[in-house]
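> Okay, here's the structure, questions in a sec.
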Amino acid sequence: MGYPYSHTSEVPIISEYFGDPEARTLDGWKARGGYQGLQKALEMSPDNVVELVKASGLRGRGGAGFPTGLKWSFMPKTKDKPHYLLCNADESEPGTFKDRELMRWVPHQLIEGCLIGAYAMGAEHVYIYCRGEFFEATQVLAKAVEDAYEAGIIGDDVLGSGKKIEVTVHAGAGAYICGEETGLMSSLEGDRGEPRVKPPFPAAVGAFGMPTTINNVETLAVIPHIIKNGGEWYRQWGSDKSPGTKLFCVSGHVNRPGNYELPLGFPLKDLIYDVCGGMIGDRALKAVIPGGSSVPLLSAEEAENCALCYEGVVEAGSMLGCASVIVMDETTDIVHQVTRMASFYAHESCGQCTPCREGTAWVTTILQRIEDGRGTEDDLDTLVELTEQMTGTTICVLSDSVAAPVQSSIEKFRGEYLALIRRGERVGAA
Amino acid sequence: MSEIPFKNPGWAGNVGEYDLTEEQVRGIDFVGIRPLEGGHPGGSPTYPYMLEEKDPDAPLFEGPYAIRFEKMLTRYPTKQAALLPALNLAQEIRGHVSAETMDRVGSLLGLSSAFVRGVATFYTMYNKRPVGRHFVQVCTNISCNLSGAEDVLDAFLEHTKSEIGETSANGAFTVIEAECLAGCGFPTCVQINSRYYENVTVDEVPRIIAHLRDNAAEAASPASEE
């Protein structure tokens, strides 16, 4: 169920026990069917676990939407060196707040998913890389890990199967780029969180130079349910290309913001006007960012018929990302918000690649100039040209992420930029 | 503390459909008080507190902290991997990570000073200089910004009489602008030391500050020192 609100359209699978403090405890989680998925997985062969996840069609929930089963199958079958599973809990995409809820309400669900993943891929150590700011969530998770160790669920003999799996909760220190999978590996190794060139892919050379798979918290949290109920069961929701349910993090100008677990393909319009109780003060919708701040904005018209699944949002002209829906009403000063986003990326650029290090800084400078009323119309063309050069030219996609909101906002809200440049008129200034 | 001091003590309880206490929402009753030596090694790399008491001259990695440091080392295949947790631990003890602290951590882990400084300055959460007793981080990224985060930030600056990033004259507050704290559904999200305050509005800022001051005064009064 959504937290802090729930809605009848929801299909609560991973969010069923949000707001239920009992579910945090080991006994509470067992009483709610916990660790049955792990038990079942341990009775299957690792290959069959991977096949089952493949059959469910689950796609990675971290943003890229890569099929999870396929990712798992890339891990070497023969084992001549250690394998690692990393859980990406470095949730820092602006607009996203699902992983923190998953960790603090149902930590054992995540641990169970991690253990199943580790078993399927022959990994002996799982590192859960948590965002440094999440003091409370990491403490809850760390306590749950300790309890699971004590109960013999993690450790030398996982549920009496003879398998040895270790779990370590690792806290980061506040860098957005560590949410990028190779940046996360660098950070885990004790280095600056600088992304690495691929190939080699993590499944060949990952953390500590060993075969590694990195999965998002939400991806791993749903695994126990898929193992318990089967792949076909999971496919009853969503579309053929985007099966299952997804946590939608809705923020911004809606009456009931929060997390809602809905089948993929849910109409964006219904999410805003029905599930979230409509716009604050019944104001008109101006723009929606459907997948966190690094995807293109959708105008109100584009949002009208947008279905929230991986392919549906692409069709509408954006990306689903991690389904962080940021809703903006007619009073929103788009120029100001885009400037704020750009300055975020300038701050978080790791500085390895020139187009990103210089580009994010210059985009921010030019946008701030426009905001201060010193911009020219040429600046808009400069921004478009600049961001084009920042797309696809760097190791990771942080650079592309700043290009998306800047380009889409200039394309869709050019009038607003021009009003500010030409006449100093600003939306929401009154 | 039986009465809830704010309508939103770290969660969106004022508007949600759940009837929970503050402890239940924040998981405090579940976690309890974690020992300084870190409990099981699997959880030792996380730090339990961002302490209000910050002692820049406190000895590093002694007593229970030495135990925690040793536990951390057992969790990684390389010593270098323990660098971030070790710096976290140093900051937990001292409140900030000075150049001297970085060198010390580097020598314990067999890393060069230059490397450790390169890493420590890369990450935002390592305070490179001392911060106030209450380290206030106001998220002003997009979702909070849409809901008036900049006004909340201004209110914090005004009521603590400090400049952004600078510690107030009495050493009580340092207010900074933070990037997204992943509390976008509960804007404005503010992190004060290790705790989140959610749904913060401009009107509530004076109350939050008064609450922090009261707690601090209580801790400092002779009556509670026994």
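> Suppose we keep only residues that are in contact with a Pro (Cβ under 9 Å, 6 or more places away or on another chain) and either more than 19 Å from A:E311 (Cα to Cα) or charged (D, E, K, R) (or both) within segment A:54-70. Which one would you say is farthest from the other protein chains (Cβ to nearest Cβ)? Write out each step before concluding.
Here is the first cut: in segment A:54-70, the ones in contact with a Pro (Cβ under 9 Å, 6 or more places away or on another chain) are A:54, A:56-60.
Next, only the ones that are either more than 19 Å from A:E311 (Cα to Cα) or charged (D, E, K, R) (or both) stay: A:54, A:59.
Numbers: A:K54: 30, A:R59: 22 Å.
Checked segment A:54-70; the qualifying residue farthest from the other protein chains (Cβ to nearest Cβ) is A:K54.
> Out of the residues in segment A:342-356 meeting the condition of being surrounded by fewer than 23 Cβ atoms within 10 Å (Cβ to Cβ) and more than 13 Å from chain B (Cβ to nearest Cβ), tell me which one is nearest to A:A419 (Cα to Cα).
If we take residues in segment A:342-356 being surrounded by fewer than 23 Cβ atoms within 10 Å (Cβ to Cβ) and more than 13 Å from chain B (Cβ to nearest Cβ), then A:P355 is nearest to A:A419 (Cα to Cα).
> Inspect segment A:210-219 for any residue being closer than 30 Å to B:R117 by Cα and surrounded by fewer than 22 Cβ atoms within 10 Å (Cβ to Cβ) and give the result as yes or no.
yes
> Would you pick out the residues in segment B:20-66 that are surrounded by 16 or more Cβ atoms within 10 Å (Cβ to Cβ) and assigned to a helix (DSSP H, G or I)?
Result: B:E22, B:Q24, B:V25, B:R26, B:I28, B:F30, B:V31, B:P41, B:G42, B:G43, B:Y65.
> Do any residues in segment A:13-25 that are farther than 19 Å from A:I223 by Cβ have Cβ atoms under 8 Å from those of residues that are hydroxyl-bearing (S, T, Y) and assigned to a loop (DSSP other than H, G, I, E, B), where the two are at least six apart or on different chains, and which pairs are they?
Every condition considered, the pairs that remain are A:G19/B:Y18.
> Could we say that A:R59 is farther than 19 Å from A:V167 by Cβ and either among the acidic types (D, E) or crowded, with 18+ Cβ neighbours inside 10 Å (or both) here?
Yes; evaluated as a whole, the condition is true for this residue.
> Filter the strands (runs of 3 or more DSSP E) completely within segment A:189-300 down to those with at least 3 residues that are over 17 Å from the mean Cα position of the chain (by Cα) and outside the structural domain of A:H83 (by TED's automatic domain parsing). Step through it out loud before you land on a result.
Values: elements: A:212-216, A:245-252, A:258-263, A:285-289.
Counting at least 3 such residues, we get A:285-289.
> Return a yes/no flag: does segment A:135-150 have any residue that is closer than 29 Å to A:K79 by Cα and more than 7 Å from chain B (Cβ to nearest Cβ).
yes
> Let me ask another. Regarding segment B:176-195, can at least one residue be identified that is within 9 Å of chain A (Cβ to nearest Cβ), assigned to a strand (DSSP E or B) and not charged (D, E, K, R)?
Yes, segment B:176-195 contains at least one residue that is within 9 Å of chain A (Cβ to nearest Cβ), assigned to a strand (DSSP E or B) and not charged (D, E, K, R).
> Another question about this same structure. Considering segment A:94-130 alone, what residues qualify as being of a type in the set (D, E) and either in contact with a helix residue (DSSP H, G or I) (Cβ under 7 Å, 6 or more places away or on another chain) or more than 10 Å from every other protein chain (Cβ to nearest Cβ) (or both)? Show your work before the answer.
Filtering segment A:94-130 down to residues of a type in the set (D, E) leaves A:99, A:101, A:112, A:124.
A:D99, A:E112, A:E124, listed by residue number.
The values are calculated or read from the model by the stated rules, or taken from the named source; none is laboratory data. None of these values were measured; they are calculated from a predicted model. Glycine gets a Cβ as well: all are built from the backbone with ideal geometry, and neighbour counts include every protein chain shown.
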